[in-house]
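**Q** Just dropping this structure here.
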Amino acid sequence: MTKKDDVLLDVRNLKKYFPMGSGGFGREKKVLKAVDNISFHINRGETFGLVGESGCGKSTTGRSIVRLHEVTDGEIWFDGKDVAKMKEKELKPFRKRMQAIFQDPYSSLNPSMNVSQIINEPMEIHGFGSRQDRQDRVLELLNKVGLKSEHIDRYPHEFSGGQRQRISIARALSVNPEFILCDEPISALDVSVQAQVVNMLEDLQGEFGLTYLFIAHDLSMVRHISNRIGVMYLGKLVELAPSDELYTHPAHPYTQALLSAIPVPDPKAAAMPSELLKGDLPSPLNDMQGCKFASRCPFATDHCRAEEPEWKEISPGHYTACHLY
Ligand code: SF4
């Protein structure tokens with residue numbers, strides 16, 4: 001259980017834009033607004049899920065928060081300090097406190113390093129203990145993530161996908177972080193292994209008091225692990241609510257469409273045809289007026305196409321941006 005007001009991470013008006021080419025003679029330069037002015041917070045010990053179709057900006061949001069991307073604008077308050085514009089030297093202590101695991105552990109683990117070296121590396125960078133302390137910690141972490149001491153000298157290619165993700169988790173845990181960005185950590189794994197990794201992440205959260213930003217497109221797994229969930233569409237947050245509330249009373253037509261693909265207890269929540277999302281996402285390069293979902297929304301009106309809906313609280317802790325509310 002989290003203390004309601006114990007905020008660890010507070011993201012305010014975050015923007016991450018990527019300039020795209022020169023724009024050509026007489027034309028304006030194009031800009032990809034991957035993350036376009038989003039705000040949310042995560043309480044200490046909480047798991048915040050971030051969902052949406054591929055290309056909605058959820059991974060760019062996560063990578064901006066842990067400063068793997070330079071931020072275009074906005075604030076990222078981590079434990080009372082704004083890390084958004086910090087230079088690398090100032091950022092170093094925060095890098096230790098904010099770790100990340102990614103979708104494809106095979107590409108995020110150095111293939112020429114063995115397990116001991118992989119888990120040791122962050123501890124060496126951050127000056128953690130003596131050599132013996134670090135070696136003891138590697139063994140302890142291997143045990144925590146369900147691997148054996150004899151795995152210590154093996155290389156990433158000798159493991160299955162699930163085992164490689166366990167190595168990534170041990171590496172992230174090695175420097176005692178408080179926050180872990182989990183960027184689609186189970187998407188590349190077999191279904192049978194996904195639940196094991198999610199259960200392990202939950203156990204580790206309980207043991208070490210970790211806070212997670214869990215990014216995924218698999219809505220059923222996100223519900224299981226998240227306390228609250230944010231839904232993104234074309235760089236914007238369109239809805240945010242406690243997990244059960246989002247699944248039983250989705251407000252935004254986009255959330256309803258995402259949920260229509262999976263079984264939900266409330267039949268009204270499944271009223272939106274799943275075919276809705278078969279259309280392509282509009283290009284994020286086009287600067288759209290009004291609601292960005294209007295081109296795919298069956299409820300769109302001229303008002304929606306002309307004016308961007310405001311972000312409003314429609315019930316305690318449940319927010320959405322839609323003119324229907
Ligand atoms: Fe649909 Fe209009 Fe709501 Fe956008 S604002 S989601 S177009 S009803």
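**Q** Can you name the condition, by its number, that A306 falls short on among (1) at pLDDT 80 or above; (2) more than 15 Å from the ligand (Cβ to nearest atom)?
**A** With (1) at pLDDT 80 or above; (2) more than 15 Å from the ligand (Cβ to nearest atom) applied to A306, the lone miss is (2).
**Q** Restricted to region 279-325, and to residues that are open to solvent by 50 Å² or more (accessible area, probe 1.4 Å) and among the hydrophobic types (A, V, I, L, M, F, W, C), which residue is nearest to G230 (Cα to Cα)?
**A** Within region 279-325, the match that is nearest to G230 (Cα to Cα) is W311.
**Q** Restricting the first residue to region 298-323 and requiring it to be free of Cβ contacts under 8 Å to residues at least 24 places away in the same chain, which pairs with a second residue that is in a helix (DSSP H, G or I) and within 9 Å of the ligand (Cβ to nearest atom) meet a Cβ separation below 8 Å and a spacing of at least six or different chains?
**A** A300/A294; C304/A294; R305/A294
**Q** Further, regarding this structure: Pick from E75, E90: which is more than 23 Å from H224 (Cα to Cα) and open to solvent by less than 70 Å² (accessible area, probe 1.4 Å)?
**A** Answer to the check: E75.
**Q** How about region 114-159: which of its residues are closer than 22 Å to L189 by Cβ and open to solvent by 60 Å² or more (accessible area, probe 1.4 Å)?
**A** N143, K144, K148, R154, Y155, H157, E158, listed by residue number.
**Q** Quick check on region 78-87: of everything there that is within 21 Å of F214 (Cβ to Cβ) and of a type outside the set (A, V, I, L, M), which residue is surrounded by the fewest Cβ atoms within 10 Å (Cβ to Cβ)?
**A** Step by step, filter region 78-87, then rank; the result is D79.
**Q** Considering region 15-31 alone, what residues qualify as being outside any strand (DSSP E or B) and either at pLDDT 65 or above or out of contact with any strand residue (DSSP E or B) (no Cβ under 7 Å at 6 or more places or on another chain) (or both)?
**A** G21, S22, G24, F25, G26, R27, E28, K29
**Q** Within region 62-75, does at least one residue satisfy the condition of being more than 17 Å from the chain's Cα centre (by Cα) and either among the basic types (K, R) or in a helix (DSSP H, G or I) (or both)?
**A** There is no residue in region 62-75 that is more than 17 Å from the chain's Cα centre (by Cα) and either among the basic types (K, R) or in a helix (DSSP H, G or I) (or both).
**Q** Shifting gears a bit: Taking the condition under 21 Å from P185 (Cβ atoms), at pLDDT 95 or above, assigned to a loop (DSSP other than H, G, I, E, B) and open to solvent by less than 50 Å² (accessible area, probe 1.4 Å), does G45 pass?
**A** Considered against the rule, which asks whether it is under 21 Å from P185 (Cβ atoms), at pLDDT 95 or above, assigned to a loop (DSSP other than H, G, I, E, B) and open to solvent by less than 50 Å² (accessible area, probe 1.4 Å), G45 comes out as yes.
**Q** Here is a check on your reading of the model: is A172 in contact with a Leu (Cβ under 6 Å, 6 or more places away or on another chain), surrounded by 15 or more Cβ atoms within 10 Å (Cβ to Cβ) and closer than 19 Å to L201 by Cβ?
**A** No, not satisfied.
**Q** Filter region 44-102 down to the residues that are within 16 Å of K15 (Cβ to Cβ) and among the basic types (K, R) and list them by number.
**A** Scanning region 44-102 gives K58, R63, R67, K85.
Yes/no matrix, rows are residues, columns are (1) modelled with pLDDT under 85; (2) within 13 Å of the ligand (Cβ to nearest atom); (3) open to solvent by less than 40 Å² (accessible area, probe 1.4 Å):
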{"residue": "V238", "(1), (2), (3)": "no, yes, yes"}
{"residue": "D244", "(1), (2), (3)": "no, no, no"}
{"residue": "P250", "(1), (2), (3)": "no, yes, yes"}
{"residue": "T255", "(1), (2), (3)": "no, yes, yes"}
{"residue": "L259", "(1), (2), (3)": "no, no, yes"}
{"residue": "P263", "(1), (2), (3)": "yes, no, no"}
{"residue": "K268", "(1), (2), (3)": "yes, no, no"}
{"residue": "M272", "(1), (2), (3)": "yes, yes, yes"}
{"residue": "L276", "(1), (2), (3)": "yes, yes, yes"}
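**Q** A follow-up question, please. Find the residue count for region 286-303, including only residues that are in a helix (DSSP H, G or I) and either touching a Gly at 6+ places or on another chain (Cβ under 6 Å) or more than 8 Å from the ligand (Cβ to nearest atom) (or both).
**A** 3
**Q** Taking region 309-324 on its own, how many of its residues are out of contact with any Leu (no Cβ under 6 Å at 6 or more places or on another chain), more than 8 Å from the ligand (Cβ to nearest atom) and closer than 16 Å to E245 by Cβ?
**A** The qualifying residues number 8.
The values are calculated or read from the model by the stated rules, or taken from the named source; none is laboratory data. In this text, all values refer to a predicted model and were calculated from it rather than measured experimentally. For neighbour counting, all protein chains shown are included, and Cβ atoms are generated from backbone atoms with ideal geometry for every residue, glycine included. Surface accessibility is based on the protein's heavy atoms, side chains included, excluding ligands, DNA and RNA. Shrake-Rupley method; radii C 1.70, N 1.55, O 1.52, S 1.80 Å.
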